[in-house]
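Chemist: Quick one: structure below, then a few questions.
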Amino acid sequence: MTTIEVRGLTKRYGPETVVDDLSFTVEPGTVTGFLGPNGAGKSTTMRMILGLTTPTRGTVRVGGREYARLPVPLTEVGALLDAGAMHPGRRADDHLLAIAQSNGIPRTRVGQVLGLVGLEKVARKRAGGFSLGMRQRLGIAAALLGDPRVLIFDEPVNGLDPEGIRWIRGFMRGLAAEGRSVLCSSHLMSEMALTADHLVVIGKGRLIADTGMSEFTRANGEGTVLVRAEPTGDLARHLTVAGGAVRQGPDKALIVSGMDSAEIGRLAAYHGVALSELTPQAPSLEDVFMAMTRDSVEYQGAA
Ligand SMILES: Nc1ncnc2c1ncn2[C@@H]1O[C@H](COP(=O)(O)OP(=O)(O)OP(=O)(O)O)[C@@H](O)[C@H]1O
């Protein structure tokens, strides 16, 4: 089982602490969403996991070992950091072959990974002519060359069209289903809600939340119910007696919390009140995330 264990990880640049005593674990068989506003320290953390940036303090272990001690790192950890980082004049297969050869990976693997990401038909085309989505697939093919148990994706859906986003989402889910540990950064909660099993949220380099996605949704997704009835007066009283908290909503609607729509519907039927609307209103997870990280956003627009 290959986990990523981050313990007390800290990075300072001059007087700035950009990653601050961060600890979390990425478990096999899961997609862990690494969330934070711009500048929160996600890329710096990922670069430290990959041995590309030296921590000021703290440790990172992949499968129990530091990156520098992994005999053939590419066979343990694959990463997609910057899809633009490839020679535009080089053909896709040559790009992958160069990486394979410098890491002692057999050349037959190049065709396999091109197939995995659906680029076999453009294998002999130059990467310079690729769309962002194709470059992203080529970057993922490179990350998969060593068949690693751990995969790290830094904002992989940034700038992609809906089809590209759907493909990457499904691909990451597939990698986790094979038992791999997948760490994927994003600044969008809505994106992670559809992809991740687990969430690690940071702001200004510090840990804000480390929680299962379903626990997060359960804890933060309990919303209110919008109810319309004629007349509302009696219903509001019945709801309050039954333990609901009721306030006035728009256009004579009632906003009820503390009861779900089934309970409200039953209570209205019991008292012979005809409802014209009964709508659950879940708070958006994006709103919850923004509230969590509000204090750690670098540049805020004027309210
Ligand atoms: N080499 C460096 N020298 C000085 N400061 C740096 C360096 N690299 C990153 N930083 C600073 O560290 C902070 C965190 O940056 P980082 O790129 O890790 O954040 P992020 O969460 O990935 O954000 P984004 O999504 O905007 O890339 C930023 O304030 C950034 O300016």
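The values are calculated or read from the model by the stated rules, or taken from the named source; none is laboratory data. What you see is a predicted model; the values in this text were computed from it and never measured. Here the Cβ is made from the backbone with ideal geometry for all residues, glycine too, and neighbour counts use every protein chain on show. To get the accessible areas, we keep the full protein, side chains included, count just its heavy atoms, and leave off ligands, DNA and RNA. Shrake-Rupley method; radii C 1.70, N 1.55, O 1.52, S 1.80 Å.
Chemist: Could you let me know the centre-to-centre spacing of the stretch 252-294 and the stretch 73-144, using Cα atoms, in angstrom?
Modeler: If you average the Cα positions of each part, the centres end up 49 Å apart.
Chemist: To test your reading of the geometry: what angle, between 0 and 90 degrees and rounded to tens, separates the Cα axis of helix 232-241 from the longest principal axis of the chain?
Modeler: Here the helix axis deviates by roughly 70 degrees.
Chemist: How far is it, in nm, from the label point at Arg266 to the one at Ala85 when both lie 7 Å from their Cα along the line to the Cβ?
Modeler: For Arg266 paired with Ala85, the spin-label model returns 5.7 nm.
Chemist: I've got another one for you. Please give every one of the lysines within straight-line cross-link reach of Lys204, meaning a C-alpha to C-alpha distance under 29 Å, and leave out same-chain neighbours fewer than 8 residues apart.
Modeler: Lys11, Lys42
Chemist: Let me know the charge dipole size of the chain about its Cα centre in debye, to the nearest 20, where only the beta-carbon of Lys, Arg (+1) and Asp, Glu (-1) is charged.
Modeler: 1160
Chemist: Give the angle, between 0 and 90 degrees and rounded to the nearest 10, that separates the Cα long axis of helix 92-102 from the longest principal axis of the Cα atoms of the chain.
Modeler: Taking Cα atoms only, the helix is inclined about 70 degrees.
Chemist: Also, quick follow-up: As a check on your grasp of the helix formula, calculate [θ] at 222 nm for the chain: sum -39500 (n - 2.57) over DSSP H runs of n ≥ 4, divide by the residue count, round to the nearest 500.
Modeler: -10000 deg cm²/dmol
Chemist: A follow-up question, please. Could you report the stretch 1-125's accessible area per residue, 1.4 Å probe, as an integer in Å²?
Modeler: Dividing the accessible area of the stretch 1-125 by its residue count gives 49 Å².
Chemist: Among Val227, Val241, Leu80, which residue has its Cα furthest toward the positive end of the charge dipole of the chain, with +1 on Lys/Arg Cβ and -1 on Asp/Glu Cβ?
Modeler: Leu80
Chemist: Given the chain, what percent of its DSSP beta bridges are antiparallel, to the nearest 5?
Modeler: Given both bridge residues lie in the chain, the antiparallel proportion sits at roughly 65 percent.
Chemist: Still on this model: On a straight-distance basis, which aspartates and glutamates could pair with Lys121 in a cross-link, Cα separation under 19 angstrom, same-chain partners fewer than 8 positions away excluded?
Modeler: Reachable aspartates and glutamates: Asp93, Asp94, Glu163.
Chemist: Cα gyration tensor of the stretch 223-281, axes a ≥ b ≥ c as square roots of the eigenvalues: rounded (a/c below 1.5), prolate (a/b > b/c) or oblate?
Modeler: Cα axes put the stretch 223-281 in the rounded bin.
Chemist: Have a look at Asp94, Asp210, Asp154 and tell me which one the Gaussian network model of the chain (Cα, springs below 10 Å) gives the largest fluctuation.
Modeler: Asp94
Chemist: For the stretch 223-281, with every protein chain kept in place, what is the accessible area per residue (1.4 Å probe, Å²)?
Modeler: On a per-residue basis, 57 Å².
Chemist: Roughly speaking, to the nearest percent, how much of the stretch 116-268's 1.4 Å accessible area is carbon and sulfur?
Modeler: 51
Chemist: Also, quick follow-up: Any chance you could give the angle, 0 to 90 degrees and rounded to 10, that helix 162-177 forms with the longest Cα principal axis of the chain?
Modeler: Approximately 80 degrees, to the nearest ten.
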